[in-house]
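As structure tokens, the structure follows; a few thoughts come after it.
The values are calculated or read from the model by the stated rules, or taken from the named source; none is laboratory data. This one's a predicted model, so the numbers in the text were calculated from it and none came from an experiment. Please note: Cβ atoms are built from the backbone with ideal geometry, for glycine as well, and neighbour counts cover all protein chains shown. Areas reflect the complete protein model, heavy atoms only, side chains present, ligands, DNA and RNA absent. Shrake-Rupley method; radii C 1.70, N 1.55, O 1.52, S 1.80 Å.
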Amino acid sequence: MARKYKGIDQLSTRDKIVVGLMVVVPTALVLWLVWVPAIGSVLLSFTNWDGIGPLSGIKSVGFQNYVDIATIYPPFWPAIQHNLIWLGVMFLIATPLGMFFAILIDKGVRGTRFYQTSIYLPVVLSLALVGFIWQLIYSRDQGLLNAITGGSTDWYGDPSVNLWAVLVAATWRHSGYIMLLYLAGLKGVDPSLREAAKVDGATDRQTFFRVIFPVMRPINLIVLVVTFIESLRAFDLVWVINRGRNGLELISTLVTQNVVGEASRIGFGSALATIMLAISSVLVVGYLRIVMKED
Amino acid sequence: MTRPTNEAEYLARLIPPSLSGVDRRTLLRGAVGIGALLGAGGLAACSSDTTTATGVPTGAVTGTVTAGSNQSDAVSKAAIQAVMDAFAKADSGTTVKINTIDHNSFQANINNYLQGAPDDVFTWFSGYRMRFFADKQLAGDVSDVWTKITGMSDALKKASTADDGKQYFVSATYYPWAIFYRKSVFKDKGYEVPKTLDELNTLGGQMKKDGLIPIAFGDKDGWPAMGTFDQLNLRINGYDFHVSLMAGKESWADPKVEKVFDTWAGLLPIHQPDALGRTWQEAAQSLQQKKSGVYLLGSFVAQQFGKGAEQEDLDFFTFPEIDPAIGADAIEAPIDGWMMRKSPKNEGAANKLLAYLGSPESRNIVVKADPSVIATNDGADEAAYTSLQKKSVEFVKSAKSIAQFMDRDTRPDFASTVMIPAIQTFLKNPKDIDGLTNSIEAQKKSIFAS
């Protein structure tokens, strides 16, 4: 018979230390690794620091960076637009495709393991290799695609097609990732639900949309959030291809170009990062509200 | 300005105006305190033993010295390896650890690299950025090394000097930018080297008729097209305008700049189309495969050509004259070399290595392994040069004024975050020159104000 809990005094000294450490260590880690850099970026965004020399040498410039970004920095608005397109394609095409693959594989088509591995492979491949693979396919003069079709489309260089070319590559990676997540969820669904639906005379389609999909709500939420996050931080593929220029501008690449590169416009880059932070926050807050409501 | 008669005079023209200014002031002060200087010289002579002890060791050095190299192309990488091996062989107690980093990444990450744990010596360029690092205390003073170096002109020494009057750079090689072509193609088709813009256009038209792409072009990485801008600017507005435009002293919205873009727009029909998806290597290969007629690039284009007969077939001419009042004798020839980190781990060996890197012996190894560059050291063996290298030496000697390159002559934040996207925008849409130059000017004002 467990005694009734009477508050912290009841705990032994050792327990108190353990509990204390369990609270303090993660808090310190979160503060140090998440909040200090985040607030640091926000503060730096009001300066024109060039990344060299002591912090005391930093001068404030007020909102100048933000004004410059919105008015005289040509890549900014295209970047916002590209991020939105990216989000739309991932949400409407890549994620449903990944879910579809998962359902097909879950149904047990012949050679399941082969398909599973080949669809997931792009997620495992190193980024340099992925960039190289698509360079081989898309290169205007020496690429596979133009060699087969006999065309001369400049897949990477023409700003009206390169975003879509990259989105195909991104979908290729993203759907594999979603497939694995979703497959894990499908395997966890109680088989008796399917049998019950079958007994009631439901078609495959009805079984999925009326029974399985609603049961998978937690997984669906995770997939949704993963899609949002992956779209906002989309960076690697584009960076490998052309450093995020010429039709492939994304906010993340603009941040990197300004902060990491030889340019070292830390203040200006931080202002871009802060804008990205603000956009992500809206989505994160929305997600948290849904999750909290559920609990 | 008259033409330089020798290499030293050519190199004298490389000195940025800011440095020449320092020099004049130093001279004035020197005239007043000349006695004191002589006295100091005498003292230095007396204590020369101690200076060598702290500076460049004359005896054997030991331990490991690390070298950060941006020479990531196979040809130049092998050249660096050969030089370092030769150094380690001569100083049996020393090992050189080469840390090769991709050329573009090295340049992009240079700030973090220098503030983190840089190698004892590292590759860099002469120009704005070298002086900037010296000014920010991120590079080591190599004045002692320069006392050991022979065969480099005073002008080169000045091109290695930062604003404080000390040397921070050991120059190694340089290479000119020009229009490259294959002699065999020009001979077969009976082409003549164009002397004016009109002749270039006519030649381009003829090449098109003959089924060639007139001018190979690739700008996926963003910087190669800067070379085209610089060449046109040097021909249309001259060297002095280039220098002050790069220094942020001229307006980019000036009709002079618009004329550069305008002329360029007129030449685009004879450029290889869809340049923004093509690397310079791919463009160079189209010249090598005789699919294109000419290619405007630095002489490192030779790296895409096979050694021997193919290299011998490669030739170049200067960008043709556009305005007779300006002429065609301003060129670009960036200097590459080595710098030392602030307080290196193995200072003795680092100094000795730098002295070796500046010596004719090491240069002979490099220019032999990589025939696309020429040595800055006069003592280098020119007999071993390929005909392309010999011509390069002549080319820079006969030039009236020499610029470095856009991303070496101006602020890197301006070059990389404003000019690369701006030039790519121009190549996508060559019609809106007015909007483009105004946009560049607005961003320039904001960046140069900080």
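Got a number for residues in segment B:158-177 being over 19 Å from B:Ile331 (Cα atoms), in a strand (DSSP E or B) and either free of Cβ contacts under 8 Å to residues at least 60 places away in the same chain or of a type in the set (Phe, Trp, Tyr) (or both)?
Residues meeting the conditions: 1.
Just one of A:Thr112, A:Thr13, A:Thr117 is over 24 Å from the mean Cα position of the chain (by Cα) and either open to solvent by 70 Å² or more (accessible area, probe 1.4 Å) or touching a residue at least 40 places away in the same chain (Cβ under 8 Å) (or both); which is it? It would help to see each step written out before you state the result.
Details: A:Thr112 fails: either open to solvent by 70 Å² or more (accessible area, probe 1.4 Å) or touching a residue at least 40 places away in the same chain (Cβ under 8 Å) (or both); A:Thr117 fails: over 24 Å from the mean Cα position of the chain (by Cα).
After applying the criteria, what remains is A:Thr13.
Per-residue answers, yes or no, for (1) more than 10 Å from chain B (Cβ to nearest Cβ); (2) within 25 Å of the chain's Cα centre (by Cα); (3) not in a helix (DSSP H, G or I):
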{"site": "A:Asp50", "(1), (2), (3)": "no, no, yes"}
{"site": "A:Asp68", "(1), (2), (3)": "no, no, no"}
{"site": "A:Trp77", "(1), (2), (3)": "yes, yes, no"}
{"site": "A:Ile80", "(1), (2), (3)": "yes, yes, no"}
{"site": "A:Asn83", "(1), (2), (3)": "yes, yes, no"}
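Taking the conditions exactly as written (part of a helix (DSSP H, G or I) and open to solvent by 30 Å² or more (accessible area, probe 1.4 Å)), does B:Glu441 satisfy them or not?
No, not satisfied.
On the given criteria, is A:Ser152 outside any helix (DSSP H, G or I), over 26 Å from the mean Cα position of the chain (by Cα) and either polar (S, T, N, Q) or closer than 30 Å to B:Gln424 by Cα (or both)? Walk me through how you get there before you give the answer.
Working: outside any helix (DSSP H, G or I): yes; over 26 Å from the mean Cα position of the chain (by Cα): yes; either polar (S, T, N, Q) or closer than 30 Å to B:Gln424 by Cα (or both): yes.
Yes.
What's the number of the only condition in (1) surrounded by fewer than 16 Cβ atoms within 10 Å (Cβ to Cβ); (2) more than 26 Å from B:Asp413 (Cα to Cα); (3) at pLDDT below 70 that B:Thr52 fails to meet?
Failed condition: (1).
Just a yes or no: is a residue in segment B:212-229 under 18 Å from A:Asp141 (Cβ atoms) and basic (Lys, Arg)?
Yes, some residue in segment B:212-229 is under 18 Å from A:Asp141 (Cβ atoms) and basic (Lys, Arg).
Which condition from (1) free of Cβ contacts under 8 Å to residues at least 40 places away in the same chain; (2) open to solvent by less than 30 Å² (accessible area, probe 1.4 Å) is the one that A:Ala278 breaks?
So A:Ala278 meets the others, but not (2).
Suppose the filter is open to solvent by 40 Å² or more (accessible area, probe 1.4 Å) and within 14 Å of chain A (Cβ to nearest Cβ); does B:Thr410 pass it?
Numbers: open to solvent by 40 Å² or more (accessible area, probe 1.4 Å): no; within 14 Å of chain A (Cβ to nearest Cβ): yes.
Against the criterion (open to solvent by 40 Å² or more (accessible area, probe 1.4 Å) and within 14 Å of chain A (Cβ to nearest Cβ)), B:Thr410 does not qualify.
So B:Lys428 clears everything in (1) in contact (Cβ under 8 Å) with a residue 40 or more places away in the chain; (2) out of contact with any Pro (no Cβ under 8 Å at 6 or more places or on another chain); (3) open to solvent by 10 Å² or more (accessible area, probe 1.4 Å); (4) within 11 Å of chain A (Cβ to nearest Cβ) except one condition, right? Which one?
(2)
Can you give me the number of residues within segment B:240-280 that are farther than 14 Å from B:Leu296 by Cα and more than 14 Å from every other protein chain (Cβ to nearest Cβ)?
So the count comes out to 25.
Among the residues of segment B:186-239, count how many are within 14 Å of another protein chain (Cβ to nearest Cβ), open to solvent by less than 10 Å² (accessible area, probe 1.4 Å) and farther than 17 Å from B:Phe319 by Cα.
3
List the pairs whose first member sits in segment A:255-272 and is on the phi > 0 side of the Ramachandran plot and in contact (Cβ under 8 Å) with a residue 12 or more places away in the chain, whose second member is open to solvent by less than 20 Å² (accessible area, probe 1.4 Å) and part of a helix (DSSP H, G or I), and whose Cβ atoms are under 6 Å apart, counting only residues at least 6 apart or on separate chains?
Within 6 Å, the pairs are A:Ser264/B:Asn111.
For segment A:154-179, name all the residues that are open to solvent by less than 50 Å² (accessible area, probe 1.4 Å) and either touching a strand residue (DSSP E or B) at 6+ places or on another chain (Cβ under 9 Å) or acidic (Asp, Glu) (or both).
The one that is open to solvent by less than 50 Å² (accessible area, probe 1.4 Å) and either touching a strand residue (DSSP E or B) at 6+ places or on another chain (Cβ under 9 Å) or acidic (Asp, Glu) (or both): A:Asp154.
Filter segment B:156-185 for residues that are open to solvent by less than 10 Å² (accessible area, probe 1.4 Å) and out of contact with any strand residue (DSSP E or B) (no Cβ under 7 Å at 6 or more places or on another chain) and give the result.
Scanning segment B:156-185 gives a single hit, B:Ala162.
Of all residues in segment A:53-66, which are within 10 Å of chain B (Cβ to nearest Cβ), surrounded by 12 or more Cβ atoms within 10 Å (Cβ to Cβ) and in a loop (DSSP other than H, G, I, E, B)?
Scanning segment A:53-66 gives A:Gly53, A:Val61.
For segment A:130-150, name all the residues that are out of contact with any Phe, Trp or Tyr (no Cβ under 7 Å at 6 or more places or on another chain), more than 10 Å from chain B (Cβ to nearest Cβ) and either surrounded by 12 or more Cβ atoms within 10 Å (Cβ to Cβ) or modelled with pLDDT of 85 or more (or both).
A:Val130, A:Gly131, A:Phe132, A:Ile133, A:Trp134, A:Leu136, A:Ile137, A:Leu144, A:Asn146, A:Ala147, A:Ile148, A:Thr149
When you look at B:Phe106, is it among the hydrophobic types (A, V, I, L, M, F, W, C) and not in a helix (DSSP H, G or I), yes or no? Steps first, answer last, please.
Values: among the hydrophobic types (A, V, I, L, M, F, W, C): yes; not in a helix (DSSP H, G or I): no.
So B:Phe106 does not fit the description; no.
What helices (runs of 4 or more DSSP H) lie completely within segment A:205-272 and have 2 or more residues being at the interface with chain B (Cβ under 10 Å from one of its Cβ atoms)? Spell out the reasoning first.
Numbers: elements: A:217-232, A:236-242, A:251-259.
Where helices (runs of 4 or more DSSP H) fall fully within segment A:205-272 and carry at least 2 residues being at the interface with chain B (Cβ under 10 Å from one of its Cβ atoms), they are A:236-242, A:251-259.
Of these, B:Ile365, B:Ile402, B:Ile420, B:Ile374, which one is under 30 Å from B:Lys249 (Cβ atoms) and away from every other protein chain (no Cβ under 14 Å)?
Numbers: B:Ile365 fails: under 30 Å from B:Lys249 (Cβ atoms); B:Ile420 fails: away from every other protein chain (no Cβ under 14 Å); B:Ile374 fails: under 30 Å from B:Lys249 (Cβ atoms).
Selected residue: B:Ile402, the only one of B:Ile365, B:Ile402, B:Ile420, B:Ile374 that is under 30 Å from B:Lys249 (Cβ atoms) and away from every other protein chain (no Cβ under 14 Å).
Which condition does A:Met216 not pass, out of (1) farther than 22 Å from A:Trp134 by Cα; (2) open to solvent by 30 Å² or more (accessible area, probe 1.4 Å), if it passes all the others?
Failed condition: (2).
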